[in-house]
Amino acid sequence: MEYSIVRSGNTKEHLNKYSTFLSSPFLKLNYLDIQRCTVQYLQWQYLENPVGQFIGYDAYYKGQIVSHFATLPVIYSINGKPTKGLLALNLVTHPEHRGKGLFLKIATKTFEDAYSSGYKFVVGVANQN
């Protein structure tokens with residue numbers, strides 16, 4: 001399978017696509033709920049964060065989004081100094097496309113962009129995978 005890996009977009013069209021993908025039936029038993037998948041919520045989370053806009057990447061297969069990863073800017077105090085970092089969330093890969101290395105591809109691109117933009121760390125919470 002050939003995938004295209006692209007930086008996540010910040011337009012209304014992109015937010016609609018992410019909202020639909022994150023609300024997919026294959027996630028019904030997952031941690032996401034419908035309230036955290038609305039376009040309004042994603043706009044607040046991804047675009048209206050006072051620390052900055054999200055950084056992420058998406059994988060597409062035959063023009064359809066099959067994996068999405070977003071990180072939100074945060075500022076933590078490290079050794080008494082405010083330090084810019086990212087909170088990783090909303091990593092979702094469609095079940096038919098799991099096990100193909102998409103997480104590593106989109107996470108690596110996200111982390112490369114974050115480092116070049118001056119972010120010093122990424123915080124993430126693992127799930128059973």
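The values are calculated or read from the model by the stated rules, or taken from the named source; none is laboratory data. Everything quoted here is computed from the prediction, not taken from an experiment. Neighbour counts are summed over all protein chains in view; Cβ atoms, including those assigned to glycine, are modelled from backbone coordinates with ideal geometry. Calculation scope for accessible area: heavy atoms of the full protein, side chains included, ligands and nucleic acids excluded. Shrake-Rupley method; radii C 1.70, N 1.55, O 1.52, S 1.80 Å.
Taking residue 84 as the residue in question, decide whether it is part of a loop (DSSP other than H, G, I, E, B), touching a strand residue (DSSP E or B) at 6+ places or on another chain (Cβ under 9 Å) and at pLDDT 95 or above. Reasoning before the result, please.
On the way: part of a loop (DSSP other than H, G, I, E, B): no; touching a strand residue (DSSP E or B) at 6+ places or on another chain (Cβ under 9 Å): yes; at pLDDT 95 or above: yes.
Taking the combined requirement at face value, the residue does not satisfy it.
Kindly provide the set of residues from the stretch 88-129 that are open to solvent by 90 Å² or more (accessible area, probe 1.4 Å) and within 11 Å of the chain's Cα centre (by Cα), ordered by number.
If the condition is that a residue be open to solvent by 90 Å² or more (accessible area, probe 1.4 Å) and within 11 Å of the chain's Cα centre (by Cα), then 103 is the only one that fits.
If you go through the stretch 38-61 one residue at a time, do you hit one that is among the charged types (D, E, K, R), farther than 19 Å from residue 3 by Cα and either at pLDDT below 95 or touching a Lys or Arg at 6+ places or on another chain (Cβ under 7 Å) (or both)?
Within the stretch 38-61, the subset among the charged types (D, E, K, R) is 48, 58.
Add one more test, that the residue is farther than 19 Å from residue 3 by Cα, and what stays is 48.
Applying the additional criterion that residues be either at pLDDT below 95 or touching a Lys or Arg at 6+ places or on another chain (Cβ under 7 Å) (or both) yields none.
No - not one qualifying residue is present in the stretch 38-61.
Every residue in the stretch 37-64 that is β-branched (Val, Ile, Thr) and touching a residue at least 60 places away in the same chain (Cβ under 8 Å), please. Step through it out loud before you land on a result.
Quick first cut of the stretch 37-64, residues β-branched (Val, Ile, Thr) only: 38-39, 51, 55.
Across the stretch 37-64, the qualifying residue is only 55.
Please go through the stretch 39-62 and give me each residue that is open to solvent by less than 50 Å² (accessible area, probe 1.4 Å) and not in a helix (DSSP H, G or I), ordered by number.
As a first pass, look at the stretch 39-62 and keep what is open to solvent by less than 50 Å² (accessible area, probe 1.4 Å): 39, 42, 45-47, 49, 52, 54-60.
Residues satisfying the conditions are 49, 52, 54, 55, 56, 57, 58, 59, 60.
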